1. Given the options Glu152, Glu164, name the one that is assigned to a helix (DSSP H, G or I) and more than 16 Å from His83 (Cβ to Cβ).
2. Please go through region 235-275 and pick out each residue that is under 17 Å from Val198 (Cβ atoms), in contact (Cβ under 8 Å) with a residue 60 or more places away in the chain and of a type in the set (A, V, I, L, M, F, W, C).
3. Between residues in region 112-136 that are without any contact (Cβ under 8 Å) to a residue 12 or more places away in the chain and residues that are in a loop (DSSP other than H, G, I, E, B), which pairs lie under 7 Å by C-beta distance while being six or more apart or on different chains?
4. Considering each of Phe30, Phe46 in turn, give the residue that is free of Cβ contacts under 8 Å to residues at least 24 places away in the same chain, buried (at least 16 other Cβ atoms within 10 Å of the Cβ) and in the same structural domain as Pro171 (by TED's automatic domain parsing).
5. Quick check on Asp371: is it more than 20 Å from Gly240 (Cβ to Cβ), among the charged types (D, E, K, R) and surrounded by 24 or more Cβ atoms within 10 Å (Cβ to Cβ)?
6. Has region 94-103 got at least one residue that is acidic (Asp, Glu), over 21 Å from the mean Cα position of the chain (by Cα) and part of a strand (DSSP E or B)?
7. Working carefully through the options Leu79, Leu122, Leu27, find the one that is closer than 17 Å to Leu143 by Cβ, in a helix (DSSP H, G or I) and under 21 Å from the mean Cα position of the chain (by Cα).
8. Could you tell me which of the residues Val159, Val198, Val174 is assigned to a strand (DSSP E or B), touching a helix residue (DSSP H, G or I) at 6+ places or on another chain (Cβ under 8 Å) and farther than 30 Å from Pro290 by Cα?
Amino acid sequence: MSGNLDEKLQMISAYVDGKRDEIVQFLLEFISINSVTYNEGEAIRFLASKMREFGFDEVRVDPAGNCVGRVGHGRCVLLYDAHADTVEIGDPADWGMDDPLKAEIVDDVIRGRGAVDDKGCLTGITFAGRAIKELGLEGDFTLWVSGSISEEDVEGSCVKAMMEENPDIKPDYVLVAESSTNRLMRGHKGRALIRITVPGKAAHASAAWRGDNALIKAIPIMQRIDAFNDFVEDPFLGRGTIEVTKIDCKTPSLNTIPGEAVITCDRRISCGETAEELLAEVGAFFEDIPGVKAEIDEETVTTYTGYKIRAVDYFPSWVMAEDDPYIQAGAACFEGLFGHRPEITKWDFCTNATQLCGRAGIPAMGYGPGDETLCHGTQDKVPIGELLDAVKFYAALPLFVEQL
């Protein structure tokens, strides 16, 4: 590492440590804004106002409702993305605190809904943009910071809309800021939601012989799904899975045998199988039962701005090679800041990288503070030390990537 670069890393570390209280206060205020999926408007307005206050060169809120801010105008274009929406709070009594939107700090850990998923990360990438501006670190790079929406329900769909609504944003590299206990992530499995419709004929239960019980016909299909384990294994991501998660029956009353049953399956994708390949796979489970059909679920969602998105519930996996120059730039950045090499691994859940890397093919990396196993639970929290280290990493990474 050059002496000049070493000096810049020291500047970043000192700056972030000096902004500790402001960073913490930002996250506390951010958590206090209820931003459950499809109701992110107030949180996005807060984020956009902070980006302007922090001196970002440009701030936009696109028609779908995503917030994007720009720092710099150099050759190498990076996109940092973190989502502003959260899942529901649930019963506050289960948290052991009065209100999960009024975050608490205990032993230098911030706890409240969204702390770990994903407002800690979004706080981090926003403050990274501020650090770059205030320290005068703009180089031969352009950094876009994205506060995206609706990731919890239709991951990837709203960042796809963001890229379509902002066609001038053409990133060379993407960083997905999701909790990873500050490890580098180079991939994760994808998922698909598959619906299998089993036909029948409704009839009164007292004369069931007049009908055709779709639920009974569905049982062997579910048993075959449960027994299936013939998945191709990816050397990094492992094997795929398929699980029955729900069955719906079409019946007018509880004393009528159902005339239709719909099996919903969660299929985790390890080896990049296409939607067509997934449907062919499940077709073997009912080939001996006439009239059964399978399809990838589709839905139309409406964002808080009224923008409609047709979402197909097929989200491909993605993997970056560990020796990829971008991943190695991230590792060099981490080592330059913290004096040791990072752990490089994978997530077990899906993120917006399913679109940005899995579909669009943009080189991607994941990184964020907090334990990802706490997402969606009542121990939603992020250590302040990890958050500060993440801000340092986010601010320093462009200095390494611009050299690629």
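1. Answer to the selection: Glu164.
2. Selection gives Ala261, Val262, Ile263, Cys265.
3. Listed pairs, sorted by first residue: none to list.
4. None of the others qualify; the one that does is Phe46.
5. Considered against the rule, which asks whether it is more than 20 Å from Gly240 (Cβ to Cβ), among the charged types (D, E, K, R) and surrounded by 24 or more Cβ atoms within 10 Å (Cβ to Cβ), Asp371 comes out as no.
6. No, region 94-103 contains no residue that is acidic (Asp, Glu), over 21 Å from the mean Cα position of the chain (by Cα) and part of a strand (DSSP E or B).
7. Leu122
8. Going through Val159, Val198, Val174 in turn, the sole match is Val174.
The values are calculated or read from the model by the stated rules, or taken from the named source; none is laboratory data. Remember, it's a predicted structure, so these values are computed and weren't measured experimentally. So basically every Cβ, Gly included, is an ideal-geometry build from the backbone, and we count neighbours across all protein chains shown.
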